[in-house]
1. For segment B:62-75, which residues satisfy the criterion of being surrounded by fewer than 19 Cβ atoms within 10 Å (Cβ to Cβ) and at the interface with chain C (Cβ under 10 Å from one of its Cβ atoms)?
2. Could you check how many residues of segment C:123-156 are more than 30 Å from C:VAL323 (Cβ to Cβ) and out of contact with any Lys or Arg (no Cβ under 8 Å at 6 or more places or on another chain)?
3. Only one of these is hydrophobic (A, V, I, L, M, F, W, C) and either out of contact with any strand residue (DSSP E or B) (no Cβ under 8 Å at 6 or more places or on another chain) or under 30 Å from A:ALA156 (Cβ atoms) (or both): A:ALA189, A:ALA289. Name it.
4. Looking at A:ALA174, A:ALA194, A:ALA130 in this structure, which one is of a type in the set (A, V, I, L, M), surrounded by fewer than 16 Cβ atoms within 10 Å (Cβ to Cβ) and touching a Pro at 6+ places or on another chain (Cβ under 9 Å)?
5. Search segment C:63-100 for residues being in a loop (DSSP other than H, G, I, E, B) and away from chain B (no Cβ under 14 Å), and hand back the single one that is modelled with the lowest pLDDT.
6. I'd like to check something: does segment B:79-94 contain any residue that is on the phi > 0 side of the Ramachandran plot, assigned to a loop (DSSP other than H, G, I, E, B) and modelled with pLDDT under 95?
7. Could you grab me the full set of residues in segment A:70-89 that are assigned to a helix (DSSP H, G or I) and without any contact (Cβ under 8 Å) to a residue 40 or more places away in the chain?
8. Here's a check for you: in segment C:427-472, which residue that is more than 27 Å from C:VAL94 (Cβ to Cβ) and at the interface with another protein chain (Cβ under 7 Å from one of its Cβ atoms) is nearest to the chain's Cα centre (by Cα)?
Amino acid sequence: MVVVGAGMVGAACALYAARAGLDVILVDRGPVAGGTTGAGEGNLLVSDKEPGPELHLALLSARLWGELAQELGTAVEYEPKGGLVVASTPDGLTALARLAAGQRAAGVRTVPVDASELRSLEPHLAPGLAGGVLYPQDAQVMPTLAAAHLARASGARLETGRTVTRVLRGADGAVRGVRTDRGDLLAPAVVNAAGTWGGEVAALAGVPLPVLPRRGFVLVTEPLPRRVRHKVYAADYVADVASDSAALQTSPVVEGTAAGPVLIGASRERVGFDRSFSLPVVRALAAGATRLFPFLDDVRVMRTYLGFRPYLPDHLPALGPDPRVPGLFHACGHEGAGIGLATGSGQLIAQALTGGTPELDLTPFRPDRFAEEATA
Amino acid sequence: MNPLELVRARAGTPFTVRFDGREIEALPGRTVAAVLWSAGVTAWRTTRDGGRPRGVFCGIGVCFDCLVTVDGRPNQRACLVPAEPGADIRTQEGTGHDE
Amino acid sequence: MSERRPVLAVIGAGPAGLAATLAAAARGVRVTLIDSGTQAGGQFYRQPAPGLGARRPQALHHQWRTWERLRTGLDTRLADGRVTHLTDHHVCWVERDSSVEGEPVRDDPAAPGFTVHALLGPEQRESVAIRAHGVLLATGAYEKVLPFPGWTLPGVVTAGGAQALLKGGLTLPGRTAVVAGTGPLLLPVATGLAAAGARVVALVESAGPRDFVRRSRSLAGAPDKLAEGAGYAARLLRHRVSVKARHTVLEAHGVERLESVTVAALGPDGRPRPGTALRLPCDTLAVGHGLLPHTDLADGLGCRLDGPAVRVDDEQRTDVPGVWAAGESTGVGGAALSLAEGHLAGRSAAARLHGTAPDPARRTRAARTRTRLRAFSEGLAGAFAPPAHWAELVTDETVVCRCEEVTAGAVREAVGSLGAGDLRTVKLLTRAGMGWCQGRMCESGVAGVAGCAATPARRLPARPVPLGMLAAPTDDPPPAR
């Protein structure tokens, strides 16, 4: 089989497919992790998912990441540090507690943290917060390292710098492989793991898939001793993630890294593939982060970068076989959660490819679920 | 010959700064790096991972190798910051921030 | 002073920025000259700190008369209020906006106004915003240094760094120096250190005479420059500096600081010739392999780059309306070229900000100088080159990224076993280039060791900025009038 896209999701598809006994070619027009993977923070989160199919996928993925960490944990800088969601007002805390209750019912471990306990978990957190919830299953990897190591561990033939120009289909309409700028790669199955560019790859096979870029900025600080222990974010983040607005939204997400710098997000806006630097966004991120952690006032930002999350209109990825094109599978559109959801997605794709019954119901992720809208 | 003689310098009144507790003479206008170099000191930082000594490298504020703690403030570029009378200059270890 | 004159922000007070400032101010533009230095001059005309009372600073300089002309011109303009000089202003980004009042760029109504954000003073904890109708980037260059075993030892400095501490601080890093690498900067550094009392035991240059003969045509276009070179040769001889052409540094030795270097002759294949290694005791190694343009601000504005430099047209305009660039940021070529480019840029900016075009007939002389010196600098750039196979001399244990302490071995592993084929992926996999300097010091070295192109990374902000300053800006500007 051919996997198009050597980001985190493509690498995970390659790994689980290879372990299921398939021969895999991993092809990308750029390098490994050259798209959204290389611009991400590497979050493996269950905390920011509302109960539903995405949360099921996140829980499966978290379990698989834990297993992978046994063999690759150090290499990919796997850190099961846990997430701490904080609310600034009693109303916010009530809403957060309600969300946590639903998540708990779905199998997420949640630990309520009252205001007085917050600072024992995060000593540098601002005073006066109403409380929070700790999510011990949240973890982090270094995403580029993770993609590179999973791709290597898969044993797949890696074809970087090679652009897919067409998905080849036989007379019966079934997939025969892909045409690239350097010759054809023939295979009875093609997995579209092209992330934010997944819509373009789908179009090469003649089917629509409405993946849109949702831009995000990250600020990187000077290296510090470990002052932020968890991934810490404000409760409004969950609402931002779930929002459909194209306008700019920012909510503070702050975390320390093994290498020293603190990473600060998160902004969301739909502005196409605009790579220009935005001072207002950067200012908003800085304001949010310093509100949560006042000590950051004196800490310097060394770098800012941006990336494009692959956004589908209902915030769920396209995952599984495409009924419109036999042999075409999709694993893209994970928005800002692709690193975390990569393992589960890879596993489910491998199960679908080998004719087994995927351990999660793929119906909510059907790639053709937007077809009516597209034609309407 | 030395650089001051070469340009026929008539420097202002020297003052002292402290480097890791010992007194060092400084000429007005010189940066911390120039003061330390003039006193024969070439290293005033140790790296985060290897604990290796570092001092001036690029000399124009680009490389950040010369980071030093001045009056309790870490990560000052010695090649940019002028030495002030009585300044307390300390070798910076690692990130320069307390663990 | 007319309130209706357009404002041009010139960033950088080296030769290009000063020439641009004077040319624009002479043509009815108010100039805000913004510079990180405490005094005008940039790197080339870096002045001793006033407290040091230097009575003959020219002893450390070349082309002093040109400097005096620039200095006098600037003083005149400061006095008549046409120019405001903001020293110790460290620009971290330039923002395009549409809120600037006053004269728009008339022939291009789409051209926006600009806000220049700068950190103040050596502490850089506060910022100011400066508004302008046009921006002229004269941000200069910084030194390229390729790694070799031992290059992180204290006592190893960049050639330009040794010169900066000498010119600005009137101080030497040690008593016994070796100057090494490649490029025209090594000559003034070696002669400067020697004149100031250092014992310069060797000037180690990887290029050889043949490299210059091959490019004699473009080099012959600037006989004054060749004469300058001959002047250096005489001074090197007078100071008994041993000139080792077609040689390279193999390793710097020492435990806590530099104690000696090993140099060797280069064979025809660009590799060290066996049996030629020579150990030279020294306490200073001043090393450089050319210069790299500062392009961060241009990149942040969306200006198109050509390789490592800002792309400009005949008038020194970038492809972003209202933004000009001149000097080393548009391609490294030396102070004389920077002056010509700055002059042309200043003229163009003045004309365009008044809604007219610069008079082509009146700018031919500077334009001819620019053409001639660009050809000359291209010839030089081709002649001066590091050893063809320098990366082979970088051992696996050698730290290539000084900030993050990433070794050459780690870079090679990222390429060899993790499939990295480009600089960005190498950086993401190894952290090389992710530290305080943002890869400015190691980009060329890491690319060479990895065997990939040195594609410049985007670096914004151009300087580290405190988060508190970003969050609550202290720099709400008064509107430009």
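1. The answer is B:ARG73, and nothing else.
2. 7
3. Just one listed residue meets the conditions, A:ALA189.
4. Unique residue meeting the criteria: A:ALA174.
5. Across segment C:63-100, the extreme among qualifying residues is C:VAL100.
6. Yes, the conditions are met somewhere in segment B:79-94.
7. A:GLN70
8. C:ARG431
The values are calculated or read from the model by the stated rules, or taken from the named source; none is laboratory data. This structure is a prediction, so every number in the text was calculated from the model and none was measured. Note: ideal-geometry Cβ built from the backbone for every residue, glycine included; neighbour counts use all protein chains shown.
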